Amino acid sequence: MWFSPPKNIKTLIDEQYRILDDAHTKLSKIWVDDIVLSFGWWTSLFMTIIPWLVWFIFRNKESKTRLLLGGLWAILISTWLDYVGVTMGLWRYYNKLIPLMPDYISWDFALMPVTVMFFLQIKPKANPFIKALIFASMTAFLAEPLFLWLGYYHYSGWNSISSFPFFIVIYLIAHYLVNSKATKPLK
């Protein structure tokens, strides 16, 4: 068919998928043999569950849906950015909670969105740019170096200074989504 890629392109792509499948099989074996139930695995599990438990207890119940919208944005963008960074070889993770999930589920699905939601919830009328700078500073210059030092991941072509503007944008977009007048109740 004229709209389908030529056979040679399909063959080249199929070969790359075979390489990816082989790499995933090898990584899954490493996970089963060396990662699951290790100290790093347990800390990743706790860092995935505890932030959500804390948020559930201390969340602003009247604003929980809007806050979850900001948290969902943080999950989606941090997962996508992690995918891009790992794929481009800019960093790599060493503690995988579940082999079929994104590389660092504790960060992308718990620490990042819950931290964003708490920042949104605390002093909601404060200047969002100042809050974004505080959030980005804490994340890029405290959290990232801590997890680097603990050995949870490694920068092979990145640094915390490069992360800083991304964290500012993540927070500001979450702030906009949560405070948008565009979201109206369903009728």
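Determine, yes or no, whether Ile130 is closer than 16 Å to Ile170 by Cβ and open to solvent by 40 Å² or more (accessible area, probe 1.4 Å). Answer is yes for this residue. If the condition is being loosely packed, with under 15 Cβ neighbours inside 10 Å and either among the β-branched types (Val, Ile, Thr) or touching a Ser or Thr at 6+ places or on another chain (Cβ under 7 Å) (or both), then the range 64-90 contributes Thr65, Val84, Thr87, Gly89. Among the criteria (1) touching a residue at least 24 places away in the same chain (Cβ under 8 Å); (2) open to solvent by 40 Å² or more (accessible area, probe 1.4 Å); (3) assigned to a loop (DSSP other than H, G, I, E, B), the one Asn95 does not fulfil is (2). Is the range 142-154 home to any residue that is in contact with a strand residue (DSSP E or B) (Cβ under 8 Å, 6 or more places away or on another chain), part of a helix (DSSP H, G or I), at pLDDT below 95 and crowded, with 16+ Cβ neighbours inside 10 Å? Yes, that holds for at least one residue.
Scanning the range 38-63 for residues that are farther than 28 Å from Val178 by Cα, among the aromatic types (Phe, Trp, Tyr) and either in contact (Cβ under 8 Å) with a residue 12 or more places away in the chain or open to solvent by less than 40 Å² (accessible area, probe 1.4 Å) (or both) gives a single hit, Trp41. Scanning the range 51-61 finds one or more residues that are part of a helix (DSSP H, G or I) and within 15 Å of the chain's Cα centre (by Cα). Against the definition (under 27 Å from Ala110 (Cβ atoms), open to solvent by less than 70 Å² (accessible area, probe 1.4 Å) and either within 26 Å of the chain's Cα centre (by Cα) or polar (S, T, N, Q) (or both)), how does Ser4 come out, yes or no? Criteria not met by Ser4.
The values are calculated or read from the model by the stated rules, or taken from the named source; none is laboratory data. From a predicted model like this one, the values you see are computed outputs, not experimental measurements. Neighbour counts are summed over all protein chains in view; Cβ atoms, including those assigned to glycine, are modelled from backbone coordinates with ideal geometry. Protein only, heavy atoms only, side chains kept; ligands, DNA and RNA dropped before computing areas. Shrake-Rupley method; radii C 1.70, N 1.55, O 1.52, S 1.80 Å.
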